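As structure tokens, the structure follows; a few thoughts come after it.
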Amino acid sequence: MKGRIEINRELCKGCEICIFFCPKKLIALSDELNAAGYLPSAFNNDSGECTGCAICASVCPDVAIEVYRG
Amino acid sequence: MKKVFSHPKSLKKAVFHYCPGCGHSIIHRITCEVIDELGIQERVIGVPPPGCSVFAYYYFDVDMVESAHGRGAAVATGIKRAFPESIVFTYQGDGDLAAIGTTETLHAANRGENITAIFINNAVYGMTGGQMAPTTMLGMKTTTSPFGRDGKFEGHPIKMSEILAQVQGSCYVERCAVNSPANIKKTKKAIKKAFQNQIDGKGYSLVEILSPCPTNWKMSPVKSWQWVDDVMAKEFPLGLIKDTTGKKRAD
Amino acid sequence: MAKTLMTGNAAIGEAAIRAGCQSYFGYPITPQNELTEYMAANMSRRPGCSFVQAESEIAAINMVYGASVAGVRTMTSSSSPGISLKQEGISYLAACQLPSVIVNMSRGGPGLGSISAAQSDYFQSTRGGGHGDYRTIVLGPGSVQELADLTHHAFEMTDKYRIPVIILGDGMLGQMMEPVEFRHEAPAIPPVREDALRGATGRPSRFVRTFTSNPPDLEELNWSLFRRYQLLRKQEVMWENYMTDDARLIVTAFGIAARIAKGAIRQARDMGLKIGMFRPITLWPFPGEQLKELSYTTKYFLDFEMNMGQMIEDVKLSLDGRGDVSFHGRPGGVIPTPSEVLRIITRIYHQKGLNK
């Protein structure tokens, strides 16, 4: 299964919970502030390892992540 | 690729005002997922408390009515008695349900009011700045227990779930947490059962949810999620406390 | 319908049921237990109705709040100390504009007080009582018949104006037995209020709340409530003028005190003294203009209350400096007799030279 996620950087509050729980460590804090003044999470799937497990989305307090799988 | 995770229908598309890492928004989301899955959005009336979740009606796309501090169980009783076809839930913090609202909570459960209570336990009074709550643990420093909670002066943390399990009118009591993917899944199942019990007319259901409060615990969100496991769950054990419904948790 | 002999407390209950009240939430407290018990007997198993003996007066008022949100006619009752407990709930009802009826069969205070009739909750009832700028309609019945009639009126008023209504009775009215005629039948299917929250079926979800993080919104709520109060002052005052046409001294009194004073005034009239009485029936809105009218023909007033002097402030405010107002009061649940009141009113009459 291949997957990808989309993080809404304006909803993200940079809590880093998704970073902590991603089994493949594909999420890291961005270094650009969003409009609310947070450093949001950013998805990096260069390795192509994302399986669309949706763990990140299930733990995101701000429903900031959409997950695609196929 | 197919979208496999999206925003629940009964959750309004509003930016949450909650702190980064707060458990409230997770619980709002999974409760809305349950409301969607059970198809009850049009029947639900929610009663949020004063507290961080006072604006819950900005998020839950269901009829909601504000309650005075602690009185949610009484308000819910009034609604449910007046309109039994509704699905009424209270959403209460630990101060609301276990301090000022203890009497109303206990007696709604004792009368077996056919309502669903979602009890958010973060061991402090959040909105007012981190004061000691009935569920604050021994040794925990809060703004009104600055020397650390001491049983001699401040009493001990109260286990509301165990207390409510004692009264005959409560049919289902479970304690959960929302600090990991596995726990979030379990909590959602518990919430679903608590609503299903009401649909089935079984009596009072309570789901106590240990919820991280990074701001008042003075920790990073990740640390606060770990603290729920490392410290809170040792004082407030997770798991099923009472189930007289004869039905397993919805899977 | 024929007249029937009933206690005041029971008459309130019967009138409420006939007004389509579908839920009652109460708690035991003397001297109104007969009302709670009447509702238990007549409402707790009535189809479509609910009765709960709540765990406290606080819980009861919050159940009223919930039932009102769900669109049914709803009521609670208590006596003075229990009404004190309800004040936060009443403030919330006023703020959320939820129709509700609260019955206070008042007793001596302050504190746990006495179980005997008193009128010392006038301020509490007519000045809001709880926190914030708000008023409730306050009705002051003076007989068992009026308890029945005003209970019906209370439900009509609260639905019409979306303001909580307090029926300010007392322990004596509640316990006395008089013939009463009920002029209404209970509706077969009591109506549900249009703006009820019953789940967002076929419409967007709604919420009922008062808390706001934007003070100007709350300011506007307050202004709009007060515009409604002005309307009430114009449209809904009720009062009784008793022998005031040629009176040289007018007694101002409400509720059971007015009842006692009437006996004294009749005796005084037999003695040739020209004494009358102005009896407010709506204590809020207070019939101030109607009282002031009397000051154009009568200069002397005696305010008689079973308290330390509460309604007298509204009397003086209404008279606006035009009258000479004396006071006689007995607090604590002491019930004055007509002969005591007769003694007082004749003494004042003579002291002010009204016998000349």
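The values are calculated or read from the model by the stated rules, or taken from the named source; none is laboratory data. For clarity, every value in this text was computed on a predicted model and none was experimentally measured. Cβ sites come from the backbone with ideal geometry, for glycine too, and all protein chains shown count toward neighbours.
Among the criteria (1) surrounded by fewer than 21 Cβ atoms within 10 Å (Cβ to Cβ); (2) closer than 23 Å to C:His152 by Cα; (3) aromatic (Phe, Trp, Tyr), the one C:Phe123 does not fulfil is (2). Among the residues of the stretch B:196-251, the ones that are under 19 Å from the mean Cα position of the chain (by Cα), within 14 Å of another protein chain (Cβ to nearest Cβ) and either part of a loop (DSSP other than H, G, I, E, B) or acidic (Asp, Glu) (or both) come to 4 in all.
Conditions tested, residue by residue: (1) free of Cβ contacts under 8 Å to residues at least 12 places away in the same chain; (2) in contact with a strand residue (DSSP E or B) (Cβ under 9 Å, 6 or more places away or on another chain); (3) crowded, with 23+ Cβ neighbours inside 10 Å.
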{"position": "C:Asp217", "(1), (2), (3)": "yes, no, no"}
{"position": "C:Asn222", "(1), (2), (3)": "no, no, no"}
{"position": "C:Arg227", "(1), (2), (3)": "yes, no, no"}
{"position": "C:Gln235", "(1), (2), (3)": "yes, no, no"}
{"position": "C:Tyr242", "(1), (2), (3)": "no, yes, no"}
{"position": "C:Leu249", "(1), (2), (3)": "no, yes, yes"}
{"position": "C:Thr252", "(1), (2), (3)": "no, yes, yes"}
{"position": "C:Gly255", "(1), (2), (3)": "no, yes, yes"}
{"position": "C:Ile265", "(1), (2), (3)": "no, yes, yes"}
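Could you go through the stretch C:182-190 and let me know if any residue there is surrounded by fewer than 18 Cβ atoms within 10 Å (Cβ to Cβ), farther than 30 Å from C:His350 by Cβ and aromatic (Phe, Trp, Tyr). Within the stretch C:182-190, none of the residues are surrounded by fewer than 18 Cβ atoms within 10 Å (Cβ to Cβ), farther than 30 Å from C:His350 by Cβ and aromatic (Phe, Trp, Tyr). Of all the criteria given as (1) surrounded by 18 or more Cβ atoms within 10 Å (Cβ to Cβ); (2) more than 22 Å from C:Glu305 (Cβ to Cβ); (3) of a type in the set (A, V, I, L, M, F, W, C); (4) in contact (Cβ under 8 Å) with a residue 40 or more places away in the chain, the one not satisfied by C:Met177 is (1). Picking from residues in the stretch B:1-14 that are under 30 Å from B:Asn216 (Cα atoms) and among the hydrophobic types (A, V, I, L, M, F, W, C), the one that is nearest to the other protein chains (Cβ to nearest Cβ) is B:Leu11.
Yes/no per residue for (1) closer than 25 Å to A:Ala36 by Cα; (2) surrounded by fewer than 19 Cβ atoms within 10 Å (Cβ to Cβ):
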residue: B:Met1; (1), (2): no, yes
residue: B:Phe5; (1), (2): yes, no
residue: B:Lys13; (1), (2): yes, yes
residue: B:Gly23; (1), (2): yes, no
residue: B:His28; (1), (2): yes, no
residue: B:Val34; (1), (2): no, no
residue: B:Gln41; (1), (2): no, no
residue: B:Pro48; (1), (2): no, no
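Scanning the stretch B:15-39 for residues being over 19 Å from the mean Cα position of the chain (by Cα) and facing another protein chain (nearest Cβ under 10 Å) gives a total of 1.
With respect to the conditions (1) under 29 Å from C:Ala186 (Cα atoms); (2) in contact (Cβ under 8 Å) with a residue 24 or more places away in the chain, C:Gln119 falls short on a single one, namely (1).
For the criterion of being among the hydrophobic types (A, V, I, L, M, F, W, C) and within 30 Å of B:Gly78 (Cβ to Cβ), C:Phe254 fails. Considering only residues that are modelled with pLDDT of 95 or more and in a loop (DSSP other than H, G, I, E, B), look in the stretch B:115-132 and name the one that is nearest to B:Cys19 (Cα to Cα). Looking at the filtered set, the residue picked out is B:Asn122. Contact annotation: residue pairs with Cβ atoms under 9 Å, 6 or more positions apart or on different chains, pairing a residue in the stretch B:60-84 that is more than 7 Å from chain C (Cβ to nearest Cβ) with a partner that is of a type in the set (Lys, Arg) and assigned to a loop (DSSP other than H, G, I, E, B), are B:Phe60/B:Lys12. Does C:Gly132 satisfy being in contact (Cβ under 8 Å) with a residue 12 or more places away in the chain, on the phi > 0 side of the Ramachandran plot, out of contact with any Ser or Thr (no Cβ under 7 Å at 6 or more places or on another chain) and outside the structural domain of C:Phe286 (by TED's automatic domain parsing)? So C:Gly132 does not fit the description; no. Please verify whether the stretch C:32-45 includes one or more residues that are surrounded by fewer than 19 Cβ atoms within 10 Å (Cβ to Cβ) and either in contact with a His (Cβ under 7 Å, 6 or more places away or on another chain) or among the aliphatic types (A, V, I, L, M) (or both). Yes, some residue in the stretch C:32-45 is surrounded by fewer than 19 Cβ atoms within 10 Å (Cβ to Cβ) and either in contact with a His (Cβ under 7 Å, 6 or more places away or on another chain) or among the aliphatic types (A, V, I, L, M) (or both). Taking the numbered list (1) crowded, with 16+ Cβ neighbours inside 10 Å; (2) out of contact with any strand residue (DSSP E or B) (no Cβ under 7 Å at 6 or more places or on another chain) in turn, A:Glu66 passes all entries but (2). Among the residues making up the stretch B:100-150, those that are over 15 Å from the mean Cα position of the chain (by Cα) and at positive phi are B:Gly112, B:Gly129, B:Gly130, B:Gly139, B:Gly148. Take the conditions (1) within 19 Å of C:Pro31 (Cβ to Cβ); (2) of a type in the set (Gly, Ala, Ser); (3) touching a strand residue (DSSP E or B) at 6+ places or on another chain (Cβ under 6 Å); (4) part of a helix (DSSP H, G or I); C:Ser77 misses just one of them, which is (4). Being modelled with pLDDT of 95 or more, touching an Asp or Glu at 6+ places or on another chain (Cβ under 7 Å) and outside any loop (DSSP other than H, G, I, E, B), is that true of even one residue in the stretch C:110-120? Looking through the stretch C:110-120, at least one residue is modelled with pLDDT of 95 or more, touching an Asp or Glu at 6+ places or on another chain (Cβ under 7 Å) and outside any loop (DSSP other than H, G, I, E, B). The sole residue among C:Thr30, C:Thr4 that is farther than 15 Å from C:Ile167 by Cβ and in contact with a helix residue (DSSP H, G or I) (Cβ under 8 Å, 6 or more places away or on another chain) is C:Thr30. Each residue in the stretch B:40-53 was checked for being at the interface with another protein chain (Cβ under 9 Å from one of its Cβ atoms) and modelled with pLDDT under 95, and 1 of them qualify. Whenever a residue of the stretch A:55-70 is within 7 Å of chain B (Cβ to nearest Cβ), its partners that are part of a loop (DSSP other than H, G, I, E, B) and charged (D, E, K, R), lying with C-beta atoms within less than 8 angstrom and at least six residues away or across chains, give the pairs A:Pro61/A:Lys13; A:Asp62/A:Lys13; A:Arg69/A:Lys2; A:Gly70/A:Lys2. Quick one: is A:Glu16 at positive phi, under 10 Å from the mean Cα position of the chain (by Cα) and either of a type outside the set (A, V, I, L, M) or more than 10 Å from chain B (Cβ to nearest Cβ) (or both)? Answer is yes for this residue.
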